[in-house]
Amino acid sequence: MAALRALGRLRAPSEVLAGRWLRLSQPVREKQWQPDVEYMKPYSQAYLYPTPEEEKKMPLVPWHDKDPYAQKDVSTLTINFGPQHPAAHGVLRLVMELSGESVKKCDPHIGLLHRGTEKLIEYKTYLQALPYFDRLDYVSMMCKEQCYSLAVEKLLNIQPPIRAQWIREPMTVIFFFSRCSLSRVLQMLTNNRIWKNRTVNIGVISAEDALNYGFSGVMLRGSGIHWDLRKSQPYDVYDQVEFDVPIGTNGDCYDRYLCRVEEMRQSLRIVLQCLNKMPEGIN
């Protein structure tokens, strides 16, 4: 009975909203959001995309639906290129500072090939000293050996057999270009959009700068300068073979690449001429 009397003292069914008792006779706005006063205060007198003049008149911070642009400090990346790298193969180290794919700074570390070669060959004969020059560039050994051999022959005022001179030329060319296949390089790179984006108008060097900086080889030819020691100062039997010297027009990386490709074709011409003109012999 006590429980029934307690239930009788309860008010009519009601709902609690914002800490108040509301009778069913009052309209209950169930589907209407009742914002909190403190919540709405920052949005009073809000503007969408206010102008600078309107922002000065507004008592509160203007409201934007876009985050303001944040100033960011662009940091560069420093990487170490070489000497243990397929493109450096132990002869060069470059500490490069990159911003994206642009090289902003480069610190070359040279002298990695200084192995005391001159001191070592002081106690060797001319023939015994020859293998030391294989180590100067182990991917193009014959080129270094030929330079040393030409120097010794000039020093001793001797002339090697003509057959030996004809053998030298194709061997030097074969060793120099044996690391690549011309047809595969042409097919993969020459008209490749990505390759051209990374080489056309990149690293442009004028003919004047190339001369002032003391460039040689394909760096000079890529800038439009007709320069090749095999033509200007021929050695061995280069004066008896026919070949063209390719030169560039723009002086960029793509021109230097095209010069290298054409040099491979000319090297094939030289090899064929050497094989045809080489005199007969036992060895």
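The values are calculated or read from the model by the stated rules, or taken from the named source; none is laboratory data. Keep in mind the model is a prediction, meaning the values are calculated, not measured. Cβ: placed from backbone, ideal geometry, glycine included. Neighbour counts: every protein chain shown.
Assorted remarks:
- Residues of the stretch 187-216 classified as loosely packed, with under 14 Cβ neighbours inside 10 Å, within 16 Å of ASP252 (Cβ to Cβ) and over 19 Å from the mean Cα position of the chain (by Cα), total: 4
- Scanning the stretch 98-148 for residues that are among the β-branched types (Val, Ile, Thr) and either under 24 Å from the mean Cα position of the chain (by Cα) or more than 30 Å from TRP166 (Cα to Cα) (or both) yields VAL103, ILE110, VAL139.
- So ASP244, is it closer than 29 Å to ILE202 by Cα and under 20 Å from the mean Cα position of the chain (by Cα): no
- Flag if LEU258 is in contact with a Phe, Trp or Tyr (Cβ under 9 Å, 6 or more places away or on another chain) and either farther than 30 Å from PRO279 by Cβ or among the β-branched types (Val, Ile, Thr) (or both): no
- Listed by position, the helices (runs of 4 or more DSSP H) enclosed by the stretch 189-283 include none that has at least 3 residues that are modelled with pLDDT of 90 or more and in contact with a strand residue (DSSP E or B) (Cβ under 6 Å, 6 or more places away or on another chain).
- Test: residue in the stretch 102-115 that is surrounded by 10 or more Cβ atoms within 10 Å (Cβ to Cβ) and part of a helix (DSSP H, G or I): no
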